[in-house]
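Reviewing the structure listed below.
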Amino acid sequence: MRLKEIQRTAHQAWSPAEHHPIHLALGTSAQQLDASFNTTSALEIFEVDFSDPSLEMQLKGSLPTSNRFHSIVWVNYGMGEDGTGGRLVAGSENGTLTIYNPEVIMSSGAEAVIGQSDKHTGPIRALDFNPFQSNLLASGANDSEIYIWDLNNFSSPMTPGAKTQPAEDISVVSWNRQVQHILASANPSGKAVVWDLRKNEPIIKISDHSNRMHYSGMLWHPEVATQLVLSSEDDRMPVIQMWDLRFATSPLKVFENHTRGILSISWSQADPELLLSSAKDNRILCWNPNTGEVIYELPTTNQWCFDIQWCPRNPALLSAASFDGRITVYSVMGGSLKAQQQSTADTISSSFDAMDPFGTGQVLPPLQVPQPVVQDTIVSPLKKPPKWVRRPVGASFAFGGKLITFENPKPAPVQSPQPVPRQVFVSQVTTETELLQRSRELQAALQSGSFNSYCQAKIQSAKSDAEQDIWKFLLVNFEDEARVKFLRLLGFSKDELERKISKCLGKSFQHNGHGVDAKDLAQKMQQLSTQRSDEGDAATPGSVSPADFFSQTPKENSNFQIPVSCDTDGLISQALLVGNFEGAVDLCLNDGRYAEAILLSISGGEELLKKTQQKYLSNQKNSISMLISSVVTQNWSDIVQSCELDNWKEALAALLTYAHPEDFARLCDTLGGRLEHERTEKRCLQACLCYICSGNIEKLVECWALHRDCASPLGLEDLVEKVMMLRKSIERLRNSEVVVQSPILAEKLTCYAGILAAEGSLATAMTYLPENSDQAGITMLRDRLFHAQEEGASGQQPPNSFNRANVSTAKPTPAAQAPAPKAQIMSQYQAPVPPQAPPAAAAAAAASDAVVLYSTDANQLRAWPPAIFSRPTAQLHPPCLEASLPPTTCSRSRFPSSSAIPTSAYAGRRALRLPSSWSFYASC
């Protein structure tokens, strides 16, 4: 795709890779004339600004020169720390080698020439700088002249050895890219020489025995020290030969696609699989030297390009100089020409005057100005991704805490017939080790039913008294006589209370179950025995029958008077005489005789007794009267709704002692609600104890989530442990499964299941998901958990799950093949070009939590389900070998809350060994 263009007949040199921004130096080409027959020459520097959509390049500096140039290079010698500077070295047509300072040229300074030498006797057509020592420069000219220049001492060049005979022009020199003391030169007669500068002599010579190779270009392989390419400008043999100096008897490969002689070649230093060539057939081709295949052809004009070069800083750019006087910058990555076409259309429109062409002097309305229609043109990129786009390694986190990684091994210098193994590794990443350990302990307790021992362990490991109290209350739920034990936990013990009562009454306490003074009881028993003995002796002469016993009861002979006066006593007597118990009770209450009123109300019936109790209790205002009233009337709502919150223990103890089972849970929830309404952490924990006593799971979750941090994994684990224990205690009490319809509980359990799934505990996560829920998030998580586990283990599709689409498994072969079984491979996809976005098959596979990989060689996307990594290797497709890797540390970028991930974060790892054609373009 063409990006920039300028009208110049010149040789070119890109700024070094360290230089920013990107600049392009142009030196007027020798032995070429433009349409105006201009004979002047200049050295110009342009800035390549891609933020400007136009084709123009901004001129940053120009320096007139006395000579035209055959070659020009920009070296990074003398470059500043800010990435500017360097040196421009130009070889002229009269044999002068000149060094320029590009910064001075761009600042319009006069002293741009740093050094100059006329050692050469003819035109300098070949220049190259040493990639290891930027101060070393090689130049070649007529009469087999080759000089090695040191920019630190420019006046005294050296030669690589004796001149080759017969003397010929040197068309190209090139430094080896791996060995710094190796230099090669070539001439148009078809001979190439490799020099060893340590020995100052040639070590090998390459020649064409057919005498039809006229070398116009020579380049060393960027990575293989013994390989180089030679291009021929002879129309009879327009080929590129690749030589390996270990087998220098004949070319290793010959690339034949041009129809006329090749003028220039350029090998990408960023990707050894990209080799450019321009020829007299008006074509610029991009080759893959490993295969000899043409992978790209640039859309060029019908003109010869005599010089092409890759951009060192941006490896996707290249520049081409053509004989029609154009310097063009291209990109091999393709793109849209819409911006350029719009810019061209705007330029054309602005070139016309908006005035009325009939000379009336009036401006035409804007709508009448012709607007050209711009059609978007898409230029295709390379057939395969270049090396700088491919990822040497890649990693992606998959569902279930799986980490999928891959790496592209460096290709061997010599293509081997044996396939290169490509591996994809699947590791289990665990970051919440404490949560997983506690989750396993909880799951073991739930499955074995050892709830008491689990609660005991939690009590011992509790870090605070409040936490310990909660687990003690949960433990009591699994024991008999829970109410009595709840009273003990609240600090109310019957035995201790009896001791206090006896002490208050001045009696010794003996634990016999009734609180009777043992010494007093012994004395009374002794007196009773003595009396019986005396009475027995006296009654011997004449015994009395039992029927006469009561008639012989001693009676008091004193008489009493029944008052009938008009005072209170008289009125009470009169009321009793006529049977008016209600009036007598009212008189007693009015006179403050509460004992007589209660005694009389007993004789007056149950209704009168209740009324008397209510009147009595309503008149009592001391601290204990409210409690006595509740005990007598069995009305505990007033206690839980009106008592001081500091007396919550006493109120809960009263409920445990007196409340009916059908009212107990409601009253506990009322008391817990009052405590929770205070919105303090202390009251929250007290309210949780009330909810545990009542068995209200929903209220417990809401209260805990409101006042405790449930966002962290361990905080959520605390809540789930308490909820599951309370739920099991209720199921034990009711002898049936408990179903809690609580949205907040469903949300917390779903979040907890998601954390377990992310840590790889898939089966356990499935058990915590709420059942029969139609929420989209829960349904999706259940479906993912089901399919992420070994398919077929349960044999049934989970309820409310998604339907899975079967994707066709087409391979790039002429004949159709049978689709692979679903248990072996989920989906395959063949794409004609490297996709910019995942195709339908990849999207479907990604939705099913598959491992998706793209092969750059086969142009395919393939997907495997994560469960494939747990099957025997014999069942895998394609055939895979199992491999293991040692534990590895993980970058903290994935886990911002942790300062470092321990080495043990990686569990066992498995690898799939794929066919050699699978090299990876993008991450999983």
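For this structure, a couple of remarks:
- Close Cβ contacts (under 6 Å, 6 or more residues apart or on different chains) running from residues in region 755-783 that are closer than 19 Å to residue 724 by Cα to residues that are among the polar types (S, T, N, Q) and in a loop (DSSP other than H, G, I, E, B) comprise 762/789.
- Pairs, first of a type in the set (Phe, Trp, Tyr) in region 48-66, second surrounded by 13 or more Cβ atoms within 10 Å (Cβ to Cβ) and part of a loop (DSSP other than H, G, I, E, B), C-beta under 9 Å, six or more apart: 50/22; 50/314
- Residue in region 748-771 that is out of contact with any Gly (no Cβ under 9 Å at 6 or more places or on another chain), modelled with pLDDT under 85, part of a loop (DSSP other than H, G, I, E, B) and not hydroxyl-bearing (Ser, Thr, Tyr) present: yes
- If only residues of region 210-235 that are charged (D, E, K, R) and out of contact with any His (no Cβ under 9 Å at 6 or more places or on another chain) are counted, the one that is nearest to residue 196 (Cα to Cα) is 223.
- The selection criterion, being out of contact with any strand residue (DSSP E or B) (no Cβ under 6 Å at 6 or more places or on another chain), at positive phi, of a type outside the set (Asp, Glu) and touching a residue at least 40 places away in the same chain (Cβ under 8 Å), holds for residue 95.
- Helices (runs of 4 or more DSSP H) wholly inside region 436-503 containing at least 3 residues that are under 37 Å from the mean Cα position of the chain (by Cα): 451-461, 465-476
- Top-ranked residue of region 729-744 - restricted to ones that are surrounded by 13 or more Cβ atoms within 10 Å (Cβ to Cβ) and of a type in the set (S, T, N, Q), ranked as farthest from residue 478 (Cα to Cα): 742
- Restricted to region 279-315, and to residues there that are crowded, with 19+ Cβ neighbours inside 10 Å and closer than 23 Å to residue 244 by Cα, the residue that is farthest from the chain's Cα centre (by Cα) is 285.
- Test: residue in region 234-242 that is closer than 28 Å to residue 181 by Cβ, in a strand (DSSP E or B) and either in contact (Cβ under 8 Å) with a residue 60 or more places away in the chain or among the hydroxyl-bearing types (Ser, Thr, Tyr) (or both): no
- Residues of region 672-713 that turn out to be of a type in the set (Val, Ile, Thr) and outside any helix (DSSP H, G or I), as a count: 1
- Residue 271 buried (at least 19 other Cβ atoms within 10 Å of the Cβ), of a type in the set (D, E, K, R) and within 29 Å of residue 4 (Cα to Cα): yes
- Hits in region 745-770 (condition: of a type in the set (Asp, Glu) and buried (at least 22 other Cβ atoms within 10 Å of the Cβ)): 759
- Count of region 31-86 residues which are over 54 Å from the mean Cα position of the chain (by Cα), part of a loop (DSSP other than H, G, I, E, B) and surrounded by 20 or more Cβ atoms within 10 Å (Cβ to Cβ): 1
- Put simply, of 160, 102, 123 the only residue that is surrounded by 17 or more Cβ atoms within 10 Å (Cβ to Cβ), more than 19 Å from residue 73 (Cα to Cα) and touching a residue at least 24 places away in the same chain (Cβ under 8 Å) is 160.
- Some residue of region 675-684 being under 25 Å from residue 451 (Cβ atoms) and modelled with pLDDT under 90: yes
Residue-wise test of (1) at pLDDT 75 or above; (2) surrounded by 15 or more Cβ atoms within 10 Å (Cβ to Cβ); (3) touching a Phe, Trp or Tyr at 6+ places or on another chain (Cβ under 9 Å).
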{"residue": "608", "(1), (2), (3)": "yes, yes, yes"}
{"residue": "616", "(1), (2), (3)": "no, yes, yes"}
{"residue": "634", "(1), (2), (3)": "no, no, yes"}
{"residue": "650", "(1), (2), (3)": "yes, yes, yes"}
{"residue": "655", "(1), (2), (3)": "yes, yes, yes"}
{"residue": "662", "(1), (2), (3)": "yes, no, no"}
{"residue": "667", "(1), (2), (3)": "yes, yes, yes"}
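- Which listed residue is buried (at least 22 other Cβ atoms within 10 Å of the Cβ), over 28 Å from residue 199 (Cα atoms), within 59 Å of the chain's Cα centre (by Cα) and assigned by TED's automatic domain parsing to the domain that holds residue 191, from 107, 92: 92
- Exactly one residue out of 148, 182 is under 52 Å from the mean Cα position of the chain (by Cα), assigned by TED's automatic domain parsing to the domain that holds residue 96 and surrounded by 15 or more Cβ atoms within 10 Å (Cβ to Cβ): that is 182.
- Matching residues, region 10-60, being farther than 13 Å from residue 319 by Cα and among the polar types (S, T, N, Q): 28, 29, 31, 32, 36, 38, 39, 40, 41, 51, 54, 58
The values are calculated or read from the model by the stated rules, or taken from the named source; none is laboratory data. Given the structure is predicted, the values throughout are model-derived calculations rather than measurements. Every residue, glycine as well, gets a Cβ built from its backbone with ideal geometry; the counts of neighbours run over all protein chains shown.
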